[in-house]
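Undergrad: Let me begin by handing over the structure; questions about it come next.
The values are calculated or read from the model by the stated rules, or taken from the named source; none is laboratory data. Computed from a predicted structure; not experimentally measured. Counting neighbours? That spans all protein chains shown, and the Cβs are built from the backbone with ideal geometry, glycine included. Areas reflect the complete protein model, heavy atoms only, side chains present, ligands, DNA and RNA absent. Shrake-Rupley method; radii C 1.70, N 1.55, O 1.52, S 1.80 Å.
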Amino acid sequence: AQRVTQPEKLLSVFKGAPVELKCNYSYSGSPELFWYVQYSRQRLQLLLRHISRESIKGFTADLNKGETSFHLKKPFAQEEDSAMYYCALSGSNQGGKLIFGQGTELSVKP
Amino acid sequence: NAGVTQTPKFQVLKTGQSMTLQCAQDMNHEYMSWYRQDPGMGLRLIHYSVGAGITDQGEVPNGYNVSRSTTEDFPLRLLSAAPSQTSVYFCASSPPGSPLHFGNGTRLTVT
């Protein structure tokens, strides 16, 4: 079955602390993995996609095919990082269809 | 560019009423899709379209209809609203092989 799992509903850290949002997936094939972010009552925005291998707003994510994981990391969290984060998966030629995880709410405290 | 525009932003319906959630994009994207966002469940795909005249069901299509008569528009119809359809609805579009662009969402409450 195709599935994306984000085991933490809420992650609370202090400003300046490292943060890791976990994402595991199940997919028979070669998926493309994404992280989307949703700031309070705003639209979802793309944060990262694994094929880009870039860092956005200090966040990075590495696709680990052996562990079927795509964890999102940032060495020093900022208060403005507080948001809802969704990991998502797309198969090849899937017509814009994404499978989303349940989401993790990140709260960065001052 | 306006991007992906959803109307209305908020809607309250009574059980059994019908309504259409509007979605329009001005980026000439081929792919469009509708998701619903529920607490603890992430976003789930309702219907999607890979081009004008082509639609298909997603994970949770029951109770919803769609059509795609033009590239720009992809309305979502609720034929007989139920409390279980209380949710936030997001429309998205993309070119093939590219990430989705989302609208601002429609918050629907069915009483």
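Each row is one residue, and each column tells you yes or no for (1) hydrophobic (A, V, I, L, M, F, W, C); (2) within 12 Å of chain B (Cβ to nearest Cβ); (3) open to solvent by less than 20 Å² (accessible area, probe 1.4 Å).
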site: A:Gln38; (1), (2), (3): no, yes, no
site: A:Leu46; (1), (2), (3): yes, yes, no
site: A:Tyr86; (1), (2), (3): no, yes, yes
site: A:Gly96; (1), (2), (3): no, yes, yes
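Undergrad: Cβ contacts < 8 Å: first residue away from chain A (no Cβ under 14 Å), restricted to the stretch B:1-15; second residue of a type outside the set (S, T, N, Q) and open to solvent by 80 Å² or more (accessible area, probe 1.4 Å), any location; separation 6+ or different chain. Result?
TA: From residues that are away from chain A (no Cβ under 14 Å), the pairs are B:Gln11/B:Arg107.
Undergrad: Six or more apart or on different chains, Cβ under 8 Å: which pairs go from a residue in the stretch B:43-61 that's more than 24 Å from A:Trp35 (Cβ to Cβ) and more than 10 Å from chain A (Cβ to nearest Cβ) to one that's basic (Lys, Arg) and outside any strand (DSSP E or B)? Could you list them?
TA: B:Ala52/B:Arg68; B:Gly53/B:Arg68; B:Thr55/B:Arg68
Undergrad: Additional query: Does B:Met32 satisfy being within 14 Å of another protein chain (Cβ to nearest Cβ) and surrounded by 16 or more Cβ atoms within 10 Å (Cβ to Cβ)?
TA: Yes: the conditions hold for B:Met32.
Undergrad: Okay, moving on. Test B:Pro99 against the stated conditions and say whether it is buried (at least 16 other Cβ atoms within 10 Å of the Cβ), facing another protein chain (nearest Cβ under 9 Å) and either at pLDDT below 95 or part of a loop (DSSP other than H, G, I, E, B) (or both).
TA: Yes; evaluated as a whole, the condition is true for this residue.
Undergrad: Give the stretch B:70-93 a look and list any residue that's within 11 Å of B:Met32 (Cα to Cα), assigned to a loop (DSSP other than H, G, I, E, B) and in contact with a Leu (Cβ under 7 Å, 6 or more places away or on another chain), or say none.
TA: Result: B:Pro75, single match.
Undergrad: Out of B:Gly16, B:Gly51, I need the residue that is in contact with an Asp or Glu (Cβ under 6 Å, 6 or more places away or on another chain) and surrounded by fewer than 19 Cβ atoms within 10 Å (Cβ to Cβ). Which one?
TA: Criteria check complete, one pass: B:Gly51.
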